[in-house]
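Structure first, commentary second.
The values are calculated or read from the model by the stated rules, or taken from the named source; none is laboratory data. Quick caveat, the model's predicted, so the values are computed rather than measured. Here the Cβ positions follow ideal geometry from the backbone for every residue, glycine too, while neighbour counts run over all protein chains shown.
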Amino acid sequence: LPRSNSIAAAAASKDCFDHEEWMSRYMDLVRFHSQFQHTDVPLTYPPNCDLALWAAEQRKQYKLLLRGKPSKMTNFHLQLLEKIGFQLKDSEGSEWKLRFQEMQLFRSRYGHYNINSKAGVGSEELEQWVRVQTEQQKLLEEGKPSYLNEERLTLLKTIGFP
């Protein structure tokens, strides 16, 4: 397995906006769309894991653009992505789903959920997400208000999340 400690680091290791690289990934996305009739590339898509990372980076850059912050997203990129129906905005719960998939990938790689970004095991984002899920699960089990719904709790339990 690659030595990369986080999905974010893997995405950052490549310039997702180099024109040739961008067009290559875009064509991968077009092929994916042609095959599956959608552009929601799963994070653990075995034939092309880089494509999922690239897709997540497009959404991140789009968010930066909307907020008026520096972004590598261009009008040309936007037009091409919109042309094939790429969802630039996160769908309901997609951020949660993305972290859930990242956690599954982490577990398959390391065999546990003990994320320690300071020690170089996992990303800070994933570490924080796991901490929040644990806190929200405790609130839910105590009958207190929690944004963790039963569907998400069931998903967490099916993968042996503590």
## Note on the structure
The helices (runs of 4 or more DSSP H) lying entirely within region 83-162 that contain at least 2 residues which are surrounded by 14 or more Cβ atoms within 10 Å (Cβ to Cβ) and in contact (Cβ under 8 Å) with a residue 60 or more places away in the chain are 94-110, 124-141
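Would you confirm whether any residue within region 14-25 is at pLDDT 85 or above, crowded, with 17+ Cβ neighbours inside 10 Å, farther than 18 Å from residue 125 by Cα and within 15 Å of the chain's Cα centre (by Cα)?
No, that holds for no residue.
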### Message
Return the residues of region 51-72 that are surrounded by 15 or more Cβ atoms within 10 Å (Cβ to Cβ), without any contact (Cβ under 8 Å) to a residue 40 or more places away in the chain and over 15 Å from residue 95 (Cα atoms); say none if nothing qualifies.
### Response
51, 65, 71
